[in-house]
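In what follows, a structure is listed as structure tokens, so that the remarks can point back to it.
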Amino acid sequence: MRLVLTATGLEPAREQDGHGLLTGQLLTILRGEVPEAADEEGNVTFARLFAFLAQALREQGPRFYGAGEELVLARHPALAQARLRLRLRALVQRRDGFYEDRRRSCVGRQTEQEAVWQLVEELLPTGGYVTITGEAGQGKSCLIASLVEARAREQGGEERVAFHFIPLVPPPDYQVTLLKALLARLMLKYQLPDWWLAGESRAALSAALEGALQEIARRGQQDVIFIDGLDQLPPDAQSGWRDLSFLPQGPGNPPPGIVFVLGTRPNDTLRPLELCKPRREYRLPRLSRSDFAELLRQRRVDLSEMLVERFYEALEGHALFLDLLARELASRGGQGPAEVEALVERLSSDPEGLFTLALDRLRGERARWQRVIQPLLGILLVAQEPLTIAALRQLLTLANGRAIDLDEVRQGLRRLGGLVIRDQQGGYTLFHLKWRDYLRGGPAQADGSPREPEGLFDEEEERRWHGLLAAWCEQGGLARLWQEGAREEGERERRRYGQRHYVRHLYEARQWERLFAVLDEGSYGERRWTRTRAWAAMHSGSGAASGGGGWGEAGGAAGAAATAVGLHAAALQPGESGGCLSRCGVARPLPAGAGGEGAGTGGAAH
């Protein structure tokens, strides 16, 4: 086998550790030391061996032109379980960094934690739901992160806690990703069979979660499951309600010993939760005065007791604003009494002015603001998943029309400080929903009338940033998005991102002619459809999110959402062009080139 593969290579083999590189890889794979190289039954076939070697030996990969792909070279049944655990860990791997940021920034809240645990204890005998409610920025996520951390200490590790933090802007049908992540954590903890993850639809996975919980209860076990950010799930396009039917409901659900702890704003999300019984609501109080004082100590901000009290009252105990204030004071260093007094007066009338203060500070370095910081904020505002420094550098170069140094990007992110968060894979995203709302001018007022734009970007500017990311995806031609073997990680990230989000950015940028040209031409949809099916087949229905359980595709085969604008994967099948568009809820805008079945008079609707 070594001779066959080496003879088809383009370069002579190099030696390492007393044998050729290829021989070393072959020995470890055939001995059963590489679970990724085996199939679901623990068999190492020639096809899987070749695929693994091609990835492992990128600079000197083997070439093969013969037959025998399904030839079994080695059998290692024990690898089947190892492969399952690898797949499950991929599903539960956190991507968005939100949990880590909230866990680190949470201070105090001991009284609140005890109150929630008391409600959990009351519900354990019957099973049920505890909902933690509060307005955006009040500290729900921090509290749930603290509860998860405490549970992890009690259970012997984070892997043994079933929890999920919904990202700020989840993709369509995110319930599928959420269900798979929760099932994977339960399977790892309780050694449940892998067929619980065989389903791809929301209904099948909901039934699987219900069955898994019933099995855990049947074993006499008890567990607490944490889900934060239910209000961030997009409402259903037809009903207008958020679909929470994936939560176990009805007689005997959740079973005795199983309690869900849910975080949500007190909006229409609570209506579907009325079906989830028994349920206890915990209304999160404002951050305590003593916790604010501790927050200032942690940020090394020294204020008199009188100023601490005035700031606390000016911001009405709002956890997010108090945390932002502490960060802002820490970044400004020692300020005189007059400056601090002026800040108190300003915040008394406008607590959200903290965002304006942060932007004023950043604008102080005019050259860096125009070249790096403002474009960074625009890019992160519209990005559909966290972006690494390499990707951000490419985008900044495209936005500026000239090369941007790596150090400039790093310094810009450092200046933004706590306004962005970094995930475990090195990707950056905006730190909070209220900060995102502020940048785009904020939501409408309570009476429904539009607010006077106060943020950094209006709708037209936001569309331009979407256009920038679409142009980034297009670099080198769309066919390049599907080519394997890019050597630079930044280029590999660009291709992965473009595969998932290119059409979404065209839609949001209102680049109608380009959007419909891509869909009518068909190759992008065909390749996406093929890639989705091949990926699902390779992972045997595990459907792990491409972003590691955070920002990736929502999973699912034929019915998976292709984009967040209602362009379903079925609508992107080869051979269908304009006729599919009317079924996608996207109407062609007139005028030019807008004939065919999908023609309409307006823009697009989801």
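The values are calculated or read from the model by the stated rules, or taken from the named source; none is laboratory data. In this text, all values refer to a predicted model and were calculated from it rather than measured experimentally. Using ideal geometry, Cβ is built from the backbone for each residue, glycine included, and neighbour counts are taken over all protein chains shown. The area values use the complete protein model at the heavy-atom level, side chains included, leaving out ligands, DNA and RNA. Shrake-Rupley method; radii C 1.70, N 1.55, O 1.52, S 1.80 Å.
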Scan the stretch 290-322 for residues that are in a helix (DSSP H, G or I) and either farther than 12 Å from Leu347 by Cα or of a type in the set (Gly, Ala, Ser) (or both) and report the count. 17
Just to be sure I understand the filter: pairs with C-beta atoms under 7 Å, separated by 6 or more residues or on different chains, first member in the stretch 260-279 and of a type outside the set (Val, Ile, Thr), second member open to solvent by 30 Å² or more (accessible area, probe 1.4 Å) and in a strand (DSSP E or B). Which pairs pass? Leu273/Arg279
Hey, among Leu325, Leu287, which residue is assigned to a helix (DSSP H, G or I) and not hydroxyl-bearing (Ser, Thr, Tyr)? Leu325
Could you check Leu406 against (1) over 24 Å from Gly229 (Cα atoms); (2) aliphatic (A, V, I, L, M); (3) open to solvent by less than 10 Å² (accessible area, probe 1.4 Å) and say which number it fails? (3)
What pairs come out if I take residues in the stretch 314-332 that are at positive phi and pair them with residues that are part of a helix (DSSP H, G or I) whose C-beta lies under 8 Å away, six or more apart or interchain? Gly317/Arg289; Gly317/Phe292
Kindly check whether there is at least one residue in the stretch 480-503 that is assigned by the TED database to the domain that holds Ile379, under 30 Å from Leu354 (Cβ atoms) and modelled with pLDDT of 85 or more. no
If Glu294 satisfies every condition in (1) of a type in the set (D, E, K, R); (2) touching a Gly at 6+ places or on another chain (Cβ under 8 Å); (3) assigned by the TED database to the domain that holds Thr133 but one, which is the exception? (3)
Across (1) crowded, with 20+ Cβ neighbours inside 10 Å; (2) assigned to a helix (DSSP H, G or I); (3) more than 19 Å from the chain's Cα centre (by Cα), Gln175 clears everything bar (3)
Condition set closer than 20 Å to Leu197 by Cβ and charged (D, E, K, R), scope the stretch 208-261, selection most open to solvent (accessible area, probe 1.4 Å): answer is Arg218
Can you pull out every residue in the stretch 99-142 that is closer than 28 Å to Gln298 by Cα and of a type in the set (Val, Ile, Thr)? Val107, Thr111, Val116, Ile132, Thr133
Contact list please: Cβ distance under 6 Å, first residue in the stretch 210-239 and more than 21 Å from Glu149 (Cβ to Cβ), second residue among the acidic types (Asp, Glu) and open to solvent by 10 Å² or more (accessible area, probe 1.4 Å), pairs at least six apart or on different chains. Asp236/Asp243
Among the residues of the stretch 197-250, count how many are over 21 Å from Met187 (Cα atoms), over 19 Å from the mean Cα position of the chain (by Cα) and of a type in the set (Gly, Ala, Ser). 5
Across the stretch 377-401, what is the total count of residues that are in contact (Cβ under 8 Å) with a residue 12 or more places away in the chain and assigned to a helix (DSSP H, G or I)? 17
